[in-house]
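Take a look at the structure below.
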Amino acid sequence: MRAYFWTALILCCIFALIRVVRMIGTSRPAAAARLGSFLYWGALAIIFALAAWLRFRLTLDPIADPDTWGYLSPALRKLTGAEFGHTHGRNFTYPGSLFLLLKVCPDFRAITVVQHLLGLVAGAMLLLTWRRTRVFLPFPRVAHDVHAWLGLMAAAMYLLAAEPIRIEMQIRPEGVCAFLFSINLFFVTQFTACCFVERRRVATAVYGIIAMLTAILLVSLKPNFALAAIVGLLPIGIFFFRRAWSWQKITLAGGAAASAALLLLPDYFLSRNDKASQTYLPLMLFAIHADLIRDQMAADLERNAKVPYPRDWLMRVQRALSDEIVKSSVVSPRHHSKIGFDYDYLMNNQTSIAAQLRREFDGDVSALCAFYWFYYRRVWLQRPLFVVKKIARQMAIFYAPRCPVYRQTKFLPLTDEYDRSLSSVGRQSYREIRAEYPPAADFISRTELLARSAPVLQQRAYIRKSLLVLAVTYLPLLLIALTISVVVLSQKNWRRRLGWLAALVLFVYAYNMVSCLEVAVFHSLEVLRKVTVQMFFATLAQFFALWFILEFALEMRGRAKPSLPDTSSR
């Protein structure tokens, strides 16, 4: 209830401010317009200045984790005279960016600086996207100034929250994902407006190519956003089914092919010598569904089912898998509680099932992957209901009464982050590169100091309460927007006035849904970064839904008003 109270209070303050400006406008419209513009742009400047201060007042040394070596080592190898290539199955886009950045500025703090700047750009692109979407309403009832202030609130929520700042400090592709989301969504919006509303042919082709390039770049950066990228390109897919506009379609198709060749072919050639690239996805699916695969193996042995593996061998593997699942639960009993065991242990522990299977197949990567894929497909065929239930439990993590994308933590001690970072950079692989590349030695030395005395990332009360409002209203706003969308899209008059806005709301919410679905199938939403990285379009979706509900309510009120009798001729 407190969250709903704060929602009402914030909205009342904004509407009261707008009301004051309008009261001034009844007597002096020009003065009111100047006052409203001054207040808006002043608030915007304050928000971006505060967002920059919150970022750059902290230490600029980046934070490492056990996965960082896979992203950083290709750049470090190239910088020390060796070959650039894949490590641990990581795509080349982010490691390539790190190489270029460290080549230009050989200081690891440059990584955090650039990612903070891109985070600020993401907030600006959110605001530009919001302002551009007003073109989709032919007869808006929400006043322009109300719409503008709602967009500024959305940008403020993203820019001032602590979690995006923390993510931007990590040496991970998640640190730049919000930037890519923002430019992709902006250019998709521009393409849709130019193609379907304004009928600008040249602009349609240009924005379409950039939208496709950014979508492919997003997939290259983080393959688990492939479904989100496909949803983002849905307007372009619809465009190809339209009549005429032939040369624009040819241009778009050519741009898509060139973008794919530019971003995906280098990764294909670089990954051929990285065995981890070939085994990562099937191993992940095998580990995530290990309990179902264990039970399916037991059922196959009990029924003497025809499978392409010897019975004695399969029995030994089934027992080993069962034992390792139990061990993983003992090692980290609270880890991945929705799954019931620790799949990271199964994948990465030197004595667990993944290592045992590599020995069983004597390093034959193709045969090992075939085994992983065989039993993953088999649980879908033999136990589809159990797999669907597993996915549903994961989806319920995000679509809970309090959406976990908005964390209301008061303090985030960066000392803990750098302490974990130190355990990663203290590994043998970093120690070897330390002598060859002095900036790496400086980075490790500063990490050692920060592990004892790093500042605290604090989240002020006004931000925490605002995030609480967003957390508890995510699901209600989604359900209300879905209900209203059914009404709007099923009736011609409503569709003519609000159809585009309804489609926009569903489109942005779909980003969240398919991103969660892909993680639920291939990974786990219990991993915090898999959820918090979605904050950008979760925030945008909620504010679009709020705008949509306001437009619908005002439209209903307008239709409900009785028409006044015409007395002009009396």
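For the stretch 456-467, the set of residues classified as open to solvent by 40 Å² or more (accessible area, probe 1.4 Å) and in contact with a helix residue (DSSP H, G or I) (Cβ under 6 Å, 6 or more places away or on another chain) consists of Lys465 only.
In the condition set (1) of a type outside the set (Asp, Glu); (2) at pLDDT below 90; (3) open to solvent by 30 Å² or more (accessible area, probe 1.4 Å), Ala229 is compliant with all but (3).
A quick yes/no check of all residues on (1) out of contact with any Lys or Arg (no Cβ under 6 Å at 6 or more places or on another chain); (2) assigned to a helix (DSSP H, G or I); (3) farther than 30 Å from Ala193 by Cα; (4) open to solvent by less than 20 Å² (accessible area, probe 1.4 Å):
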site	(1), (2), (3), (4)
Ala244	yes, no, no, no
Thr251	yes, yes, no, no
Gln278	yes, yes, yes, no
Pro282	yes, yes, yes, yes
Ala299	yes, yes, yes, yes
Ala305	yes, no, yes, no
Tyr309	yes, no, yes, no
Val317	yes, yes, yes, yes
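A search for C-beta distances below 7 Å between a residue of the stretch 352-376 that is farther than 14 Å from Val317 by Cβ and any residue that is in a loop (DSSP other than H, G, I, E, B) and of a type outside the set (A, V, I, L, M), counting only pairs 6+ apart in sequence or on different chains, returns Tyr376/His289. Got a sec? Which of Ala203, Ala148 is in contact (Cβ under 8 Å) with a residue 24 or more places away in the chain and small (Gly, Ala, Ser)? Of the residues listed, the single one that is in contact (Cβ under 8 Å) with a residue 24 or more places away in the chain and small (Gly, Ala, Ser) is Ala148. With respect to the conditions (1) surrounded by fewer than 19 Cβ atoms within 10 Å (Cβ to Cβ); (2) touching a residue at least 60 places away in the same chain (Cβ under 8 Å); (3) not β-branched (Val, Ile, Thr), Arg131 lacks only one, and its number is (2).
Okay, residues lined up against (1) within 21 Å of Ala261 (Cα to Cα); (2) modelled with pLDDT of 95 or more; (3) surrounded by fewer than 21 Cβ atoms within 10 Å (Cβ to Cβ):
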site: Pro164; (1), (2), (3): no, no, no
site: Met169; (1), (2), (3): no, no, no
site: Val176; (1), (2), (3): no, no, no
site: Leu180; (1), (2), (3): yes, no, no
site: Asn184; (1), (2), (3): yes, no, no
site: Thr192; (1), (2), (3): no, no, no
site: Arg200; (1), (2), (3): no, no, yes
site: Tyr207; (1), (2), (3): yes, no, no
site: Ile210; (1), (2), (3): yes, no, yes
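The rows are residues; the columns are (1) of a type outside the set (Phe, Trp, Tyr); (2) modelled with pLDDT under 80; (3) under 30 Å from Thr214 (Cβ atoms).
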site: Ser277; (1), (2), (3): yes, yes, yes
site: Met297; (1), (2), (3): yes, no, no
site: Leu314; (1), (2), (3): yes, no, no
site: Gln318; (1), (2), (3): yes, no, no
site: Arg334; (1), (2), (3): yes, yes, no
site: Phe341; (1), (2), (3): no, no, no
site: Leu346; (1), (2), (3): yes, no, no
site: Arg358; (1), (2), (3): yes, no, no
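Of all the listed residues (Ala49, Ala43, Ala75), the sole one being within 24 Å of Arg420 (Cα to Cα), over 23 Å from the mean Cα position of the chain (by Cα) and in a helix (DSSP H, G or I) is Ala75.
Among the criteria (1) open to solvent by 20 Å² or more (accessible area, probe 1.4 Å); (2) of a type in the set (Gly, Ala, Ser); (3) closer than 30 Å to Cys195 by Cα, the one Ala502 does not fulfil is (1). Looking across Gly123, Gly36, one residue alone is closer than 28 Å to Phe548 by Cβ, at pLDDT 90 or above and surrounded by 19 or more Cβ atoms within 10 Å (Cβ to Cβ). It is Gly123. Residue pairs whose Cβ atoms lie under 7 Å apart, separated by 6 or more positions or on different chains, with the first residue in the stretch 154-173 and part of a strand (DSSP E or B) and the second buried (at least 22 other Cβ atoms within 10 Å of the Cβ), are Gln170/Pro62; Gln170/Ile63. Of all residues assigned to the stretch 91-107, at least one qualifies as being in a helix (DSSP H, G or I), of a type outside the set (A, V, I, L, M) and surrounded by fewer than 17 Cβ atoms within 10 Å (Cβ to Cβ).
Scanning the stretch 505-557 for residues that are polar (S, T, N, Q), over 12 Å from the mean Cα position of the chain (by Cα) and buried (at least 24 other Cβ atoms within 10 Å of the Cβ) gives a single hit, Gln542.
Take the conditions open to solvent by 20 Å² or more (accessible area, probe 1.4 Å) and within 26 Å of Tyr474 (Cα to Cα) and apply them to Ala143. Does it pass? The answer is yes for Ala143.
The values are calculated or read from the model by the stated rules, or taken from the named source; none is laboratory data. None of these values were measured; they are calculated from a predicted model. Cβ atoms come from the backbone with ideal geometry, glycine included; neighbour counts cover every protein chain shown. Heavy atoms of the whole protein, side chains included, go into the accessibility calculation; ligands, DNA and RNA do not. Shrake-Rupley method; radii C 1.70, N 1.55, O 1.52, S 1.80 Å.
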